[in-house]
Amino acid sequence: MLKAELRKKYTQKRKALSSDEAFLLSEKIFENFIDHFNPQEGEKVHVFIPIPARKEIDTQIFIQYFLAKNIRVYVPKIVGDRLISIEIFENTVFETNSWGISEPVSNEDSGENNFQYVITPLLYCDKNGNRVGYGKGFYDGLFQHISAYTKKIGVNYFDPDEYVDDVWENDLPVDYLITPTEVLSFLIGGE
């Protein structure tokens, strides 16, 4: 299917989830992440902050866990036409931007690009790791500037049933997809 069709289909599927269903599925995705990757104290994780109105995966569960375990947490912020990474702490002050996304008040880019994990928002991901997001390309830009050793991880409520037919050469896939039921690796040779 084309990205536009997949974007429409999976936006509707997500909207059909109740808030309770979305939270329970988010918890299962979180548990699969912890079971599979087992992040350690001092590691660096870049994780998006969910947009509640779009019923995105509740990554606040991830963020609370990371902060409690002394895992360094970085979140995205859109400044101008690019995505920067800001390290957050228990006392970080947030505000809601014009897209309804909670972001740190600070515009200070950490300059960090050596993350162990980048937990990536998406509407859909196929069996090759090809992502369908909101179409702005912010994560493709981020992926171009991070370490080759960083694990790029998509999280989604839904299994990859269709293929993305209109993948462009600048589209960068994720390395893993975590759903409520499984962790899929798209790396050659598995891990």
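The values are calculated or read from the model by the stated rules, or taken from the named source; none is laboratory data. Remember, it's a predicted structure, so these values are computed and weren't measured experimentally. Cβ coordinates were reconstructed from backbone atoms using ideal geometry, including for glycine residues, and neighbour counts include every protein chain displayed. Heads up: the accessible areas ignore ligands, DNA and RNA and are worked out on the full protein's heavy atoms, side chains in. Shrake-Rupley method; radii C 1.70, N 1.55, O 1.52, S 1.80 Å.
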| remark: A 1.4 Å probe over the protein heavy atoms gives the chain a carbon and sulfur accessible-area percentage of 49
| Prolate/oblate/rounded label for the chain (Cα gyration tensor, a/c 1.5) | rounded
| Inter-probe distance in nm under a simple model that places probes 7 Å from Cα toward Cβ, at residue 165 and residue 147 | 4.0
| task | For residue 151, enumerate residues with amide H under 5 Å from its amide H, sequence gap 5+ or separate chain, H modeled in the peptide plane. | result | 117, 118
| request: State, as an integer percentage, the relative contact order of segment 1-129 based on alpha-carbon contacts under 8 Å between residues 6 or more apart. | output: 26
| said: Is there a quick way to get the dipole size of segment 95-191? I mean about its Cα centre, with the Cβ of Lys and Arg at +1 and of Asp and Glu at -1; what is the value in debye to the nearest 20? | reply: 160
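Among 8, 13, what's the order by accessible area (1.4 angstrom probe), most exposed first? Don't skip to the answer; put the middle values down first.
Details: 8 145, 13 80 Å².
Most to least solvent-accessible, the answer reads 8, 13.
How would you classify segment 1-98 from its alpha-carbon gyration tensor, with a ≥ b ≥ c the square roots of the eigenvalues: rounded for a/c under 1.5, else prolate if a/b is greater than b/c, otherwise oblate?
oblate
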| remark: With a 28 Å threshold on alpha-carbon distance, the violating pairs from 8/69; 3/69; 8/44; 3/55 are 8/69; 3/69; 8/44
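Going by average Cβ density within 10 Å per residue, which order do the peptides 143-156, 77-90 take, highest to lowest?
143-156, 77-90
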| request: Let me have the relative contact order for segment 57-152, percent, based on Cα pairs under 8 Å that are six or more residues apart. | output: 22
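Measuring with a 1.4 Å probe in the full set of protein chains, what accessible area per residue, in whole Å², belongs to segment 72-123?
Using a 1.4 Å probe on heavy atoms only, each residue of segment 72-123 averages 51 Å².
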| field | Rounded if a/c under 1.5, otherwise prolate or oblate - segment 46-151, Cα gyration tensor axes | value | rounded
| request: Measure up 9/151; 13/127; 15/136 against 24 Å on the Cα-Cα distance and list the ones that go over. | output: 9/151
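Quick one, could you list the DSSP H helices from the chain stretching 15 Å or more along their long axis (Cα atoms) with average Kyte-Doolittle hydropathy of -0.5 or above?
Both cut-offs are met by 19-37.
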| message | Show me, for segment 139-147, the HN-Hα J-couplings you get by feeding each phi into the Karplus relation (A = 6.51, B = -1.76, C = 1.60, θ = phi - 60°), rounded to Hz, glycine and proline as x. | response | 6, 4, x, 4, 4, 5, 10, 9, 4
